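Step one of this worksheet: look at the structure below.
The values are calculated or read from the model by the stated rules, or taken from the named source; none is laboratory data. No experiment lies behind these values; they were computed from the predicted model shown. All Cβ positions, even for glycine, are placed from backbone atoms using ideal geometry, and neighbour counts span all protein chains on display.
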Amino acid sequence: MNTIKLVEKDSCVGCGACQNICPVECIEMNYDSEGFLYPKIDDEKCISCGKCAKSCPVMSSKRKNDILSFWGGYIKDKKINSISSSGGAFWWLAEKTLCDNGMVYGATIDSSNGHVYHMRVDSIEELELITKSKYVQSEIGKTYKSIQSDLQDGHSVLFCGTPCQVAGLRSYLLNDDLQKKLVAVEFICHGCPSPMVWEEYIQHLREKGVNPIQSIDFRDKRNGWHNYGLSIKYGENSEHNRFKGVREDVYYNGFIENLFLRPSCYSCRFKGLSSYADISIADFWNCENRGGTAKLNERQFDGISLIIAFSKKGRDYVKSCGEEFYLEEMNDEKCITTNVAQIKPAEKNKNRKKFFALRQRKGTVLALNKYAKYTFRKKITNIVKWKLWKVLGWYQ
């Protein structure tokens with residue numbers, strides 16, 4: 001069984017489109033030494049049909065869509081806002097599909113081992129399972145096949161994933177007519193961390209007494225939308241709660257510092273002001289300086305969403321979603337261009353190679369403690385950098 005030689009390994013995004021489309025199921029997604037999934041092919045089964053190449057988003061020649069409209073807003077129900085990463089845009093968009101008897105696909109997390117994967121929900125009661133950010137690369141599995149089946153059966157489908165996962169779905173669904181009932185939603189992506197690094201970290205916490213784990217929340221907003229952290233509820237009745245701020249938790253800080261992202265994230269071709277998605281959702285950081293009204297900015301503690309439409313279908317969908325969401329159309333392009341994660345790939349951490357080499361020899365936890373801690377020196381550097389940005393007008 002050999003690695004597919006369609007693209008260079010550092011360019012492969014691990015979306016699994018090739019695995020989903022293979023008519024003889026000769027492609028498997030296997031973990032490499034860094035803990036990322038890559039396709040491998042069984043040469044004896046392969047019939048050289050070429051479908052895997054046609055489905056690869058990295059090789060795709062499909063045209064991206066440009067921005068048509070963008071908005072700021074939040075879901076009016078504060079309870080739903082509280083269980084959302086920012087302003088509840090995903091819940092609002094997904095709820096419309098479910099109310100129209102459609103299907104919604106998004107990432108969920110198995111709290112027992114931390115494994116993140118995509119799943120299908122067909123009811124509002126299940127929607128919370130796929131709500132909120134999970135800062136781990138999710139396993140697509142056979143999701144694209146399932147979506148194709150739903151579309152062929154006449155169901156409407158909303159899919160939410162990273163920009164490269166959306167591109168993978170688009171490339172997989174070669175029949176454009178089939179996509180008429182699909183609403184593809186991407187979230188602005190910082191980068192995809194190694195699933196194995198995360199799961200080994202969770203195993204370490206369990207061994208240290210954070211067990212049994214009942215729920216994991218990467219965006220606990222108990223201290224407000226701007227001061228979120230990683231929350232893990234554990235104990236037989238969820239009576240204990242481990243909460244660490246973004247910089248306090250070594251895994252979270254390593255993610256923020258791009259220490260163990262997928263190699264393709266450092267040269268991501270799915271960033272910028274065009275997209276394969278119909279809709280993009282994100283935190284609306286710095287919205288107070290982007291021309292929004294006092295009504296928009298009154299939810300600074302709870303969270304505010306940025307919603308971008310890249311297609312007429314996406315724009316019409318947003319406008320048809322109902323009054324449960326407070327929505328303001330924005331005009332300042334800085335709403336988008338000042339979000340670095342939207343515009344350019346993550347910068348590779350200079351210690352990435354050292355981190356994975358040490359992890360190979362001594363284990364994930366020791367490597368995290370050596371290279372992922374938020375040191376006093378890093379803190380001072382960031383304070384100085386932040387003040388300099390403000391003086392230079394780069395953040396306003």
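Per the listing Lys378, Lys354, Lys350, the residue uniquely part of a helix (DSSP H, G or I), under 22 Å from Gly191 (Cα atoms) and at pLDDT 95 or above is Lys354. Can you name every residue in region 28-52 that is under 17 Å from Ala167 (Cα atoms) and either touching an Asp or Glu at 6+ places or on another chain (Cβ under 6 Å) or loosely packed, with under 15 Cβ neighbours inside 10 Å (or both)? Tyr38, the sole residue that qualifies.
Results for (1) crowded, with 16+ Cβ neighbours inside 10 Å; (2) at pLDDT below 95; (3) outside the structural domain of Glu186 (by TED's automatic domain parsing); (4) over 22 Å from Cys189 (Cα atoms), shown as yes or no for each residue.
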position: His115; (1), (2), (3), (4): yes, no, no, no
position: Arg120; (1), (2), (3), (4): yes, no, no, no
position: Ser123; (1), (2), (3), (4): no, no, no, yes
position: Leu127; (1), (2), (3), (4): yes, no, no, no
position: Ile130; (1), (2), (3), (4): yes, no, no, no
position: Ser138; (1), (2), (3), (4): yes, no, no, no
position: Lys145; (1), (2), (3), (4): no, no, no, yes
position: Gln148; (1), (2), (3), (4): yes, no, no, yes
position: Gln152; (1), (2), (3), (4): no, no, no, yes
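Residues being among the hydrophobic types (A, V, I, L, M, F, W, C), surrounded by fewer than 16 Cβ atoms within 10 Å (Cβ to Cβ) and under 20 Å from Pro345 (Cα atoms) are represented in region 268-281 by at least one member.
So which of Ala346, Ala341, Ala357 ends up being among the small types (Gly, Ala, Ser) and in contact with a helix residue (DSSP H, G or I) (Cβ under 8 Å, 6 or more places away or on another chain)? Let's see the steps before the verdict.
Details: Ala341 fails: in contact with a helix residue (DSSP H, G or I) (Cβ under 8 Å, 6 or more places away or on another chain); Ala357 fails: in contact with a helix residue (DSSP H, G or I) (Cβ under 8 Å, 6 or more places away or on another chain).
Going through Ala346, Ala341, Ala357 in turn, the sole match is Ala346.
Quick one: in region 208-251, which of the residues that are assigned to a helix (DSSP H, G or I) and within 25 Å of Glu139 (Cα to Cα) is nearest to the chain's Cα centre (by Cα)? Top of the filtered list is Tyr251. When Tyr371 is tested against (1) in the same structural domain as Leu98 (by TED's automatic domain parsing); (2) in contact with a Phe, Trp or Tyr (Cβ under 7 Å, 6 or more places away or on another chain); (3) surrounded by 14 or more Cβ atoms within 10 Å (Cβ to Cβ); (4) modelled with pLDDT of 95 or more, only condition (1) is not met.
I'd like the full set of residues that are of a type in the set (Gly, Ala, Ser) and surrounded by fewer than 23 Cβ atoms within 10 Å (Cβ to Cβ), limited to region 283-305.
The initial filter retains those residues of region 283-305 that are of a type in the set (Gly, Ala, Ser), namely 291-292, 294, 303, 305.
Of everything in region 283-305, those that are of a type in the set (Gly, Ala, Ser) and surrounded by fewer than 23 Cβ atoms within 10 Å (Cβ to Cβ) turn out to be Gly291, Gly292, Ala294.
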